[in-house]
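Participant: First the structure, then my questions, so here it is.
The values are calculated or read from the model by the stated rules, or taken from the named source; none is laboratory data. Source: prediction; values computed, not measured. Here the Cβ positions follow ideal geometry from the backbone for every residue, glycine too, while neighbour counts run over all protein chains shown. Areas reflect the complete protein model, heavy atoms only, side chains present, ligands, DNA and RNA absent. Shrake-Rupley method; radii C 1.70, N 1.55, O 1.52, S 1.80 Å.
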Amino acid sequence: MLIEQKAEISSLTVKAIENSKMSINEIVERSGVARSKVSAIRNGALSGISLDLFFRVMLASGVRVKVRAA
């Protein structure tokens, strides 16, 4: 995956977290993702974060995720 694409997915995930108005703890509980990883995502980290984690956090934040391959 290109770093630009991962950065874009990261940005969308951060927006989903912010728009959800949920606490980090709520997202952790709903997603099953470790608090350290959710915090890292919220802070814009890319290293060590898989697509699966981004999508789980987005879904826990109440966002519908649709993936298309070009």
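Participant: Does any residue in segment 2-27 that is touching a residue at least 24 places away in the same chain (Cβ under 8 Å) come within less than 6 Å, Cβ to Cβ, of a residue that is open to solvent by less than 90 Å² (accessible area, probe 1.4 Å) and in a helix (DSSP H, G or I) six or more places away or on a different chain, and which pairs are these?
Facilitator: If the second residue must be open to solvent by less than 90 Å² (accessible area, probe 1.4 Å) and in a helix (DSSP H, G or I), the pairs left are ILE9/PHE54; THR13/ILE41; THR13/PHE54; THR13/VAL57; THR13/MET58; ALA16/MET58; ILE27/VAL38; ILE27/ALA60.
Participant: Look through ARG56, ARG64, ARG35 and report the one residue that is of a type in the set (Lys, Arg) and at pLDDT below 95.
Facilitator: Criteria check complete, one pass: ARG64.
Participant: Additional query: Name the residues in segment 22-63 that are closer than 11 Å to SER10 by Cβ and either open to solvent by 50 Å² or more (accessible area, probe 1.4 Å) or of a type in the set (Gly, Ala, Ser) (or both), would you?
Facilitator: Hits for segment 22-63 are ALA40, ARG42, ASN43, GLY44, ALA45, SER47, LEU51.
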